[in-house]
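For reference, the structure discussed in these notes is given below.
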Amino acid sequence: MHVQALGHVVLKVRDLERSEIFYSDVLGMRVVSRISDPPMTFFRIATSDNHHDFALMELSPHATTKAPSDQNVIGLAHVAFKIGRSVEEFHHARSVLDASGTRCLYEADRAFAKSVHVLDPDGNEVELYVETIGHSES
């Protein structure tokens, strides 16, 4: 067996509507489907041929979360979304995040990518990045 591609990622959230607004309105993902049992919203990324690439599943409003700053907790560290290939696209994303009031945890400038890490409304860490390897930066 050989994995051919990442199919999708599902995050558990407390308030589906609030999180759907963040992922659709702020990050620009397209809602493709919703189900009620369990309450879920499914998103497709613009360049994808999949039915969905990402989904949110609503838990109880009282569901607990790990502390995002605790790096010694086993589990998902973050979900990363490619937002382009240029520094201009990165700067545009930063301006969208700033305008939405989304708190940026930190930026990383690595040999292969430039990224910004943010928290979604439930404290899930999300990385937004542009690939820079093999591309000239302006």
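Quote the accessible area belonging to ARG34 in square angstrom, nearest 10, computed with a 1.4 Å probe and with ligands, DNA and RNA left uncounted.
The accessible area of ARG34 comes to roughly 140 Å².
Amide H to amide H, which residues 5 or more places from VAL13 or on other chains are under 5 Å from it, using H placed in the peptide plane?
The list, which skips near neighbours in sequence, is MET57, GLU58, LEU59.
I'd like the accessible area for VAL31, computed on protein heavy atoms only with a 1.4 Å probe and all protein chains in place. Round to 10 Å², please.
Counting only protein heavy atoms, VAL31 exposes about 40 Å² to solvent.
At 222 nm, what value in deg cm²/dmol follows for the chain if DSSP H runs of at least 4 each add -39500 (n - 2.57) and the sum is divided by all its residues, to the nearest 500?
That comes out to -4500 deg cm²/dmol.
Probe radius 1.4 Å, ligands and nucleic acids left out: which of TYR129, TYR106 has the largest accessible area, and how do the rest follow?
Heavy-atom accessible area, descending, gives TYR106, TYR129.
Roughly how tilted is helix 87-100, in degrees to the nearest 10 and between 0 and 90, from the longest Cα axis of the chain?
The angle comes out near 40 degrees.
For the chain, calculate the relative contact order in percent as a whole number, restricting contacts to Cα pairs under 8 Å that are 6 or more residues apart.
Relative CO of the chain lands at 21 percent.
Which ³J(HN,Hα) values in Hz, rounded to whole numbers, follow from the phi angles of the range 52-58 under the Karplus curve 6.51 cos²θ - 1.76 cosθ + 1.60, where θ = phi - 60° and Gly and Pro get x?
3J(HN,Hα) across the range 52-58, in whole Hz: 8, 10, 8, 8, 10, 10, 7.
Report the residue, chosen from ASP53, ASP122, ASP109, that carries the largest GNM mean-square fluctuation when the chain is represented by alpha-carbon nodes joined by springs under 10 Å.
Residue with maximal mean-square fluctuation among ASP53, ASP122, ASP109: ASP109.
In whole percent, what relative contact order does the range 49-130 give with Cα contacts below 8 Å and a gap of six or more residues?
Computed over the range 49-130, the figure is 31 percent.
Mind grabbing the accessible area of LEU27 for me, 1.4 Å probe, Å², rounded to tens?
40 Å²
Quick one: compute the contact order of the range 81-127, relative version, from alpha carbon pairs under 8 angstrom and 6+ residues apart, as a percent.
That works out to 27 percent.
Over the chain, with every protein chain in place, what whole percent of the accessible area is carbon and sulfur at 1.4 Å, could you tell me?
53 percent
Protein chains only, probe 1.4 Å: how do LYS12, LYS82 rank by accessible area, largest first?
If we order LYS12, LYS82 from most to least accessible, we get LYS12, LYS82.
At 1.4 Å probe radius, can you tell me the per residue accessible area of the range 14-120 in Å²?
Dividing the accessible area of the range 14-120 by its residue count gives 61 Å².
The values are calculated or read from the model by the stated rules, or taken from the named source; none is laboratory data. Every value quoted in this text rests on a predicted model; they were computed, and no experiment measured them. Heavy atoms of the whole protein, side chains included, go into the accessibility calculation; ligands, DNA and RNA do not. Shrake-Rupley method; radii C 1.70, N 1.55, O 1.52, S 1.80 Å.
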